[in-house]
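Engineer: The structure's right below; bear with me while I get my questions together.
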Amino acid sequence: MDVTTGIPGLDAALVWGGVISVLATVVTFAWRAIRSVSRVVGRTGQFLDDWYGEPGRPGVAERPGVMQRLSSLEDGMSHVRHEVRPNSGSSLRDQVDLANERLARLCPDPCGQEEGCGPPPSPPEEPPAQPAP
């Protein structure tokens with residue numbers, strides 16, 4: 001089977017056109033792959049900069065890394081834990097307990113001495129309105 005057109009110039013043009021098309025396809029796929037890889041590498045670099053932090057430079061403040069930020073959050077939580085747990089009397093919890101104790105001495109609970117004492121009864125429910133005839 002003969003795959004030529006019989007015109008040598010046209011045959012050469014078709015062969016070179018095929019070669020150029022294949023090369024353009026290979027270059028396009030290579031360019032897209034390189035672009036995708038460079039984006040991933042760039043984003044990975046940004047992630048690592050955020051993770052490890054960046055030192056300060058003129059005009060830009062220092063950015064602490066993730067581990068430094070977690071450490072500062074844990075330190076802050078230790079102060080919160082100190083305030084919400086009873087201790088030697090210096091926490092917020094101790095002060096609230098003391099205020100409740102003083103209030104209980106000033107205003108004794110009347111429900112503790114009488115039977116039937118409790119929250120006030122709820123008001124009776126009104127019957128639903130009858131539709132007008």
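Engineer: Which residue out of G65, G56, G89 is loosely packed, with under 11 Cβ neighbours inside 10 Å, within 27 Å of the chain's Cα centre (by Cα) and not β-branched (V, I, T)?
Structural biologist: On the way: G65 fails: loosely packed, with under 11 Cβ neighbours inside 10 Å; G89 fails: within 27 Å of the chain's Cα centre (by Cα).
So the residue among G65, G56, G89 that is loosely packed, with under 11 Cβ neighbours inside 10 Å, within 27 Å of the chain's Cα centre (by Cα) and not β-branched (V, I, T) is G56.
Engineer: Within the range 42-80, track down each residue that is among the charged types (D, E, K, R) and either in a helix (DSSP H, G or I) or closer than 30 Å to L92 by Cα (or both).
Structural biologist: Restricting attention to the range 42-80, the residues satisfying the condition of being among the charged types (D, E, K, R) are 43, 49-50, 54, 57, 62-63, 69, 74-75.
Scanning the range 42-80 gives R43, D49, D50, R69, E74, D75.
Every number here is computed from the coordinates shown, using simple stated rules; none is lab data. This is a predicted model, so every value here is computed, not measured. Glycine gets a Cβ as well: all are built from the backbone with ideal geometry, and neighbour counts include every protein chain shown.
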